[in-house]
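The values are calculated or read from the model by the stated rules, or taken from the named source; none is laboratory data. All of these numbers come straight from a predicted model, not from anything done at the bench. Every residue, glycine as well, gets a Cβ built from its backbone with ideal geometry; the counts of neighbours run over all protein chains shown. Each accessible area value is taken on the protein alone, full model and side chains, heavy atoms only, with ligands, DNA and RNA left out. Shrake-Rupley method; radii C 1.70, N 1.55, O 1.52, S 1.80 Å.
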Amino acid sequence: MVELSGVLGVALVALGMVLTPGPNMIYLVSRSITQGRRAGVVSLGGVAVGFLVYLLATNLGLSVVFLAVPELYVAVKLAGAAYLAYLAWNALRPGGVSVFAPEELPHDSSRRLFTMGLMTNLLNPKIAIMYLSLIPQFISLEAGNVLLQGFLLGSVQIAVALTVNLGIVLAAGAIAVFLARRPSWLRAQRYLMGTALGLLAVSVATDTSAPAASG
C-alpha cells in the first residue's frame with residue numbers, strides 16, 4: 001500500500017515541476033495560441049503518452065541501467081541542463097520572446113501535433129529527472145510491492161501534470177491577449193520564465209544524487 005506521505009510528496013513535486021516553464025509548457029502554449037485549443041489538447045495527448053512511456057520504462061528497470069552505468073546518468077543530466085540553459089537564454093536575451101507572445105507558426109496536422117507533443121515530453125530533461133531520481137525516493141520498502149508503488153505514484157504525477165497542463169492549454173489564448181495589452185507584464189513573464197529555467201539548469205547540473213532503483 002502506498003503511504004499517504006508518498007502520494008502527497010509526489011503530488012507536490014509534480015505540481016512544482018509542471019508550474020516551472022519548460023519544453024512541455026512552451027510547446028503546448030505555442031500551439032494553443034497559434035492553432036487553437038483543439039490543437040493544444042491533441043498535443044497534450046502526445047505529452048500524456050510520453051508520461052506513460054516514462055512510467056513503464058522506469059518501473060520496468062530503466063533506472064537499473066543508470067545505476068550500472070553512472071556516467072550515462074551524468075551525461076543525461078548534463079545534456080538536460082544544457083538544454084534548459086539554452087531555453088533560459090532564449091527567454092532572457094535581448095529581443096527574446098515570451099512563451100505567451102503570439103508567433104506565426106505553420107498549422108500542423110493532428111498526427112504531427114500528437115507526435116511533437118510526445119517527442120517534446122520524451123526529450124524533456126525535467127521529466128526524465130523526475131522519474132529516474134525524484135519519484136523513486138517516495139517509495140517505501142516497508143509498504144509492500146515496490147513495482148505497484150512505482151506505478152501508483154507515477155499515476156499521481158501524471159494526473160497532476162495533465163490537469164495543470166489542460167488548464168494552461170484552455171487558458172493560453174486568454175492569457176496571451178491579456179499580456180499583449182500589457183507589454184510590461186509580458187516582459188516580466190519572460191524574465192521570470194528565463195530566470196526559473198536558468199535556476200533549474202544550475203540545479204540539474206550541480207545535483208550529485210544518484211538515480212534510485214524503483215523496480
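What about Gly22, is it farther than 28 Å from Trp89 by Cα and either at pLDDT 85 or above or open to solvent by less than 30 Å² (accessible area, probe 1.4 Å) (or both)?
On the way: farther than 28 Å from Trp89 by Cα: no; either at pLDDT 85 or above or open to solvent by less than 30 Å² (accessible area, probe 1.4 Å) (or both): yes.
Against the criterion (farther than 28 Å from Trp89 by Cα and either at pLDDT 85 or above or open to solvent by less than 30 Å² (accessible area, probe 1.4 Å) (or both)), Gly22 does not qualify.
Can you find a residue in the range 37-54 that is surrounded by fewer than 19 Cβ atoms within 10 Å (Cβ to Cβ), over 16 Å from Leu132 (Cα atoms), at pLDDT below 90 and not aromatic (Phe, Trp, Tyr)?
yes
For residues in the range 165-209 being at pLDDT below 75 and closer than 20 Å to Val41 by Cβ, which is least open to solvent (accessible area, probe 1.4 Å)?
Per the criteria, the residue is Ala176.
Going by what's in this entry, would Val10 be described as open to solvent by less than 50 Å² (accessible area, probe 1.4 Å), among the β-branched types (Val, Ile, Thr), farther than 27 Å from Gly173 by Cα and modelled with pLDDT under 80? Talk me through it step by step, then tell me what you get.
On the way: open to solvent by less than 50 Å² (accessible area, probe 1.4 Å): yes; among the β-branched types (Val, Ile, Thr): yes; farther than 27 Å from Gly173 by Cα: yes; modelled with pLDDT under 80: no.
Taking the combined requirement at face value, the residue does not satisfy it.
Tyr86: at pLDDT 75 or above, among the hydroxyl-bearing types (Ser, Thr, Tyr) and not in a loop (DSSP other than H, G, I, E, B), yes or no? Give the steps one after another, and end with the answer.
Working: at pLDDT 75 or above: yes; among the hydroxyl-bearing types (Ser, Thr, Tyr): yes; not in a loop (DSSP other than H, G, I, E, B): yes.
Yes: the conditions hold for Tyr86.
Among the residues of the range 107-125, write down those that are part of a helix (DSSP H, G or I), touching a residue at least 12 places away in the same chain (Cβ under 8 Å) and open to solvent by 10 Å² or more (accessible area, probe 1.4 Å).
Taking the range 107-125 and keeping what is part of a helix (DSSP H, G or I), we get 110-122, 125.
Now restrict to residues that are touching a residue at least 12 places away in the same chain (Cβ under 8 Å): 110, 113-122, 125.
Correct list: Ser110, Phe114, Thr115, Met116, Leu118, Met119, Thr120, Leu122, Pro125.
Of everything in the range 138-150, what is farther than 18 Å from Val18 by Cβ, part of a helix (DSSP H, G or I) and open to solvent by 50 Å² or more (accessible area, probe 1.4 Å)? Give them in sequence order. Break it down stepwise before answering.
Within the range 138-150, the subset farther than 18 Å from Val18 by Cβ is 139-150.
If we keep only those that are part of a helix (DSSP H, G or I) as well, we get 141-143, 146-150.
Matches in the range 138-150: Leu141, Glu142, Leu147, Leu148.
Picking from Leu162, Leu132, which residue would you name as being in a helix (DSSP H, G or I) and at pLDDT below 85? Quick ask: steps written out before the conclusion?
Values: Leu162 fails: at pLDDT below 85.
One residue alone meets the criteria, Leu132.
Looking at the range 35-50, I want the residues that are under 21 Å from Ala174 (Cα atoms) and in contact (Cβ under 8 Å) with a residue 60 or more places away in the chain and have a partner that is crowded, with 21+ Cβ neighbours inside 10 Å and among the hydroxyl-bearing types (Ser, Thr, Tyr) with Cβ atoms under 6 Å, at least 6 apart or on another chain. Which pairs are those?
Gly40/Ser32
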